[in-house]
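Trainee: First, the structure itself, so that you have it in front of you.
The values are calculated or read from the model by the stated rules, or taken from the named source; none is laboratory data. The structure presented is a predicted model; accordingly, all values stated were derived computationally and were not measured. Using ideal geometry, Cβ is built from the backbone for each residue, glycine included, and neighbour counts are taken over all protein chains shown. Heavy atoms of the whole protein, side chains included, go into the accessibility calculation; ligands, DNA and RNA do not. Shrake-Rupley method; radii C 1.70, N 1.55, O 1.52, S 1.80 Å.
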Amino acid sequence: MPARPVLIAGAGPVGCIAALALARQGVAVHLFEAQPRVNDSPRAATTHAATLEMLAELGLVDEVIRRGLIEPKFRIWDRASREIIAEFDFGVLKNDTRFPYVVQCEQHKLADMAIERLCRLEHARLDFSSRVTALRQLDDRVEVSVEDARGTRQIDGSYLIGADGGRSTIRKALGTAFVGYTHPERFLVLTTTFSFDAEHAQCSRNYFSDPDEWCALFKVTGDDGSGLWRVLFPTRAEEADAQALDADAVEGRLQRFFPKSGPYPVVHRNLYNVHQRVAASFGSGHVYLAGDCAHVNNPLGGLGLNFGIHDAVELSTLLGRVLRGEEPAHVLEQYDRFRRPLNIEYVQQQTIANKKRMEEKDPVIRAKNNEALRQTAADPVAHRAYLLRASLIDSVRKRAAAAA
Ligand SMILES: Cc1cc2nc3c(=O)[nH]c(=O)nc-3n(C[C@H](O)[C@H](O)[C@H](O)COP(=O)(O)OP(=O)(O)OC[C@H]3O[C@@H](n4cnc5c(N)ncnc54)[C@H](O)[C@@H]3O)c2cc1C
């Protein structure tokens, strides 16, 4: 085992999972996080079956389930009529996975769980408030520049994983194009302590399609476990950030969606730019990209982080084999060869289709889409096929088949 560690830029959930997956194989890792702590802004929560299987291998799944919320179903509604168009139940996957449901567990909890385990391993090191600013690929290693309160230092590693998010310094330093587009609207995420349990106790994941303003409603456990609801709306393309975040505008949006007496207690208001982009290459030589650094997508379907965790697990497995001398370094080419097209087929295509369906304006196409969803949900074979794709089990199976 070479003495040089694998360097990882970014201690978001993907960087932390990559570090843990490597460290559990005995590989030395050195993780750098630009911020002083893990970012706990409300983003991913939905953890799909295929990912739960991987988290089980890493010894994390019991805690994810304990600190999260098991939800086997999701519903697609027509917002205007308040009718359920289709209900899907991951329970139909009981012969496909040990986890026939999703777990709603906020992404910062997952990162913190991985860090807690890393801290117990002598060959794992994590530096907060340490930003990777540059990299240099050499024949047998990679060197990064890291900036912290004391200045800039150079650190050598055997490999570098860029897990530094959508605006990645690593991807830019490599000169890798981020191919795709940015949606004109932003997504507004509102988190409230108001309980939607009375209406939605039977299903805590709900999508409301609407030609004027679609919406998504989810429950998460929150830091104290008492439960919070997140409501996601698109902004209007011309709406300024300050306008969308204004307290009265937020209250108006929530009341139009679900009128109630008294104001909504809103604990977080966040705006996100939304992109559909895939890096032109997921890496080569001594530097590889994982998670949002390699691909970004809209959150409808809850796929971005799930796929990022799959990246982290696959890359760590390949690196482990190479570092132990079990495989030649060129097996790492598989990472780009397989994961890029899988992201396009399973994450970009599904999330783009989900958004298009939710916002469709043409009444004829809407009616056709709704009928197709009803038929899919009503037919057991189609229902299962739809969920195998939605849960990323299909993408994992396709990757495994390619390796065989
Ligand atoms: C509203 C919303 C809801 C979502 N819901 C879901 C969902 O339910 N399921 C799902 O699968 N996905 C979801 N996503 C997507 C998910 O949040 C992202 O895919 C996920 O955050 C990617 O994790 P990451 O670790 O790759 O990147 P990030 O979480 O962005 O982490 C990158 C880290 O790198 C650090 N960093 C940046 N630059 C440097 C540097 N130069 N040096 C060192 N550190 C650096 C950053 O500070 C950050 O901590 C959602 C996204 C949004 C916006």
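Trainee: Tell me the strands (runs of 3 or more DSSP E) entirely within the stretch 1-117 that contain at least 1 residues that are closer than 24 Å to S209 by Cα.
Mentor: On the way: elements: 6-9, 29-32, 69-71, 73-78, 83-89, 102-104.
Result: 69-71, 73-78, 83-89, 102-104.
Trainee: Looking at the stretch 319-338, which of its residues are of a type outside the set (S, T, N, Q), open to solvent by 10 Å² or more (accessible area, probe 1.4 Å) and part of a helix (DSSP H, G or I)? Steps first, please.
Mentor: Just the residues of the stretch 319-338 that are of a type outside the set (S, T, N, Q), to begin with: 319-333, 335-338.
Still in the list and also open to solvent by 10 Å² or more (accessible area, probe 1.4 Å): 321-331, 333, 336-338.
Within the stretch 319-338, R321, V322, L323, A329, H330, V331, E333, D336, R337, F338 qualify.
Trainee: In the stretch 221-252, which residues are open to solvent by less than 10 Å² (accessible area, probe 1.4 Å) and at positive phi?
Mentor: Passing the criteria: only G222.
Trainee: Residues A11, A18, A45: which one is touching a residue at least 60 places away in the same chain (Cβ under 8 Å), open to solvent by less than 30 Å² (accessible area, probe 1.4 Å) and either away from the ligand (no atom under 15 Å from the Cβ) or within 24 Å of G325 (Cα to Cα) (or both)?
Mentor: Details: A11 fails: either away from the ligand (no atom under 15 Å from the Cβ) or within 24 Å of G325 (Cα to Cα) (or both); A45 fails: either away from the ligand (no atom under 15 Å from the Cβ) or within 24 Å of G325 (Cα to Cα) (or both).
That would be A18, the only listed residue that is touching a residue at least 60 places away in the same chain (Cβ under 8 Å), open to solvent by less than 30 Å² (accessible area, probe 1.4 Å) and either away from the ligand (no atom under 15 Å from the Cβ) or within 24 Å of G325 (Cα to Cα) (or both).
Trainee: Among the numbered conditions (1) at negative phi; (2) over 20 Å from the mean Cα position of the chain (by Cα); (3) open to solvent by 60 Å² or more (accessible area, probe 1.4 Å), tell me where S81 comes up short.
Mentor: S81 satisfies all of (1) at negative phi; (2) over 20 Å from the mean Cα position of the chain (by Cα); (3) open to solvent by 60 Å² or more (accessible area, probe 1.4 Å) except (3).
Trainee: For the stretch 153-161, check the following and say yes or no: at least one residue is of a type in the set (S, T, Y), part of a strand (DSSP E or B) and either touching a Pro at 6+ places or on another chain (Cβ under 9 Å) or surrounded by 14 or more Cβ atoms within 10 Å (Cβ to Cβ) (or both). I'd like the intermediate steps shown before the answer.
Mentor: So the first thing to find is which residues in the stretch 153-161 are of a type in the set (S, T, Y), and the list is 158-159.
Remaining after also requiring part of a strand (DSSP E or B): 159.
Now narrow it down to the ones that are either touching a Pro at 6+ places or on another chain (Cβ under 9 Å) or surrounded by 14 or more Cβ atoms within 10 Å (Cβ to Cβ) (or both): 159.
Yes; the residues of the stretch 153-161 include at least one that is of a type in the set (S, T, Y), part of a strand (DSSP E or B) and either touching a Pro at 6+ places or on another chain (Cβ under 9 Å) or surrounded by 14 or more Cβ atoms within 10 Å (Cβ to Cβ) (or both).
Trainee: Taking into account only those residues within the stretch 138-152 that are assigned to a strand (DSSP E or B) and open to solvent by 80 Å² or more (accessible area, probe 1.4 Å), which is farthest from the ligand (Cβ to nearest atom)?
Mentor: Filtering first and then ranking leaves T152.
Trainee: Kindly establish whether H30 is of a type outside the set (D, E) and within 30 Å of E371 (Cβ to Cβ). Can you show your working first?
Mentor: Details: of a type outside the set (D, E): yes; within 30 Å of E371 (Cβ to Cβ): no.
Spelling it out, it is not the case that H30 is of a type outside the set (D, E) and within 30 Å of E371 (Cβ to Cβ).
Trainee: For the stretch 65-88, state whether one or more residues are near the ligand (Cβ under 10 Å from one of its atoms) and small (G, A, S).
Mentor: Just the residues of the stretch 65-88 that are near the ligand (Cβ under 10 Å from one of its atoms), to begin with: none.
Checked against the condition, which is being near the ligand (Cβ under 10 Å from one of its atoms) and small (G, A, S), the stretch 65-88 yields no hits at all.
Trainee: What's the number of the condition D197 fails, among (1) modelled with pLDDT under 95; (2) near the ligand (Cβ under 10 Å from one of its atoms)?
Mentor: D197 satisfies every listed condition except (2).
Residue by residue, here is whether (1) in contact with a Pro (Cβ under 8 Å, 6 or more places away or on another chain); (2) open to solvent by less than 30 Å² (accessible area, probe 1.4 Å); (3) within 13 Å of the ligand (Cβ to nearest atom) holds:
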site	(1), (2), (3)
A173	no, no, yes
T192	yes, yes, no
S204	no, yes, yes
K219	no, no, yes
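Trainee: Sticking with this structure for a sec: Which number in (1) touching a residue at least 24 places away in the same chain (Cβ under 8 Å); (2) open to solvent by 60 Å² or more (accessible area, probe 1.4 Å); (3) outside any strand (DSSP E or B); (4) more than 13 Å from the ligand (Cβ to nearest atom) marks the one condition that V267 misses?
Mentor: Against the list (1) touching a residue at least 24 places away in the same chain (Cβ under 8 Å); (2) open to solvent by 60 Å² or more (accessible area, probe 1.4 Å); (3) outside any strand (DSSP E or B); (4) more than 13 Å from the ligand (Cβ to nearest atom), V267 comes up short only on (3).
Trainee: On to the next question. Evaluate the stretch 34-41: report whether one residue or more is touching a Phe, Trp or Tyr at 6+ places or on another chain (Cβ under 7 Å), in contact (Cβ under 8 Å) with a residue 24 or more places away in the chain, among the small types (G, A, S) and near the ligand (Cβ under 7 Å from one of its atoms).
Mentor: Scanning the stretch 34-41 turns up no residue that is touching a Phe, Trp or Tyr at 6+ places or on another chain (Cβ under 7 Å), in contact (Cβ under 8 Å) with a residue 24 or more places away in the chain, among the small types (G, A, S) and near the ligand (Cβ under 7 Å from one of its atoms).
Trainee: Here's another thing I want to ask about it. Please find, within the stretch 94-107, the residue that is farthest from V381 (Cα to Cα) out of those that are surrounded by fewer than 21 Cβ atoms within 10 Å (Cβ to Cβ) and touching a Lys or Arg at 6+ places or on another chain (Cβ under 8 Å). Give the derivation first.
Mentor: Just the residues of the stretch 94-107 that are surrounded by fewer than 21 Cβ atoms within 10 Å (Cβ to Cβ), to begin with: 94-98, 100.
If we keep only those that are touching a Lys or Arg at 6+ places or on another chain (Cβ under 8 Å) too, we end up with 96, 100.
Numbers: D96: 13, P100: 16 Å.
Going through the qualifying residues, I end up with P100.
Trainee: Right, another one. Just one of G222, G308, G301, G252 is under 30 Å from E63 (Cα atoms) and in a helix (DSSP H, G or I); which is it? Show your work before the answer.
Mentor: Working: G222 fails: in a helix (DSSP H, G or I); G301 fails: in a helix (DSSP H, G or I); G252 fails: under 30 Å from E63 (Cα atoms).
It is G308.
Trainee: Now, a different point. Looking at (1) open to solvent by 10 Å² or more (accessible area, probe 1.4 Å); (2) over 17 Å from the mean Cα position of the chain (by Cα); (3) at pLDDT 95 or above, can you tell me which one M54 breaks?
Mentor: M54 satisfies all of (1) open to solvent by 10 Å² or more (accessible area, probe 1.4 Å); (2) over 17 Å from the mean Cα position of the chain (by Cα); (3) at pLDDT 95 or above except (2).
Trainee: Residue under question is L289, and the condition is that it be within 21 Å of A402 (Cβ to Cβ), touching a helix residue (DSSP H, G or I) at 6+ places or on another chain (Cβ under 7 Å), away from the ligand (no atom under 16 Å from the Cβ) and of a type outside the set (F, W, Y); does it hold?
Mentor: Values: within 21 Å of A402 (Cβ to Cβ): yes; touching a helix residue (DSSP H, G or I) at 6+ places or on another chain (Cβ under 7 Å): yes; away from the ligand (no atom under 16 Å from the Cβ): no; of a type outside the set (F, W, Y): yes.
When the stated conditions are applied, L289 does not pass them.
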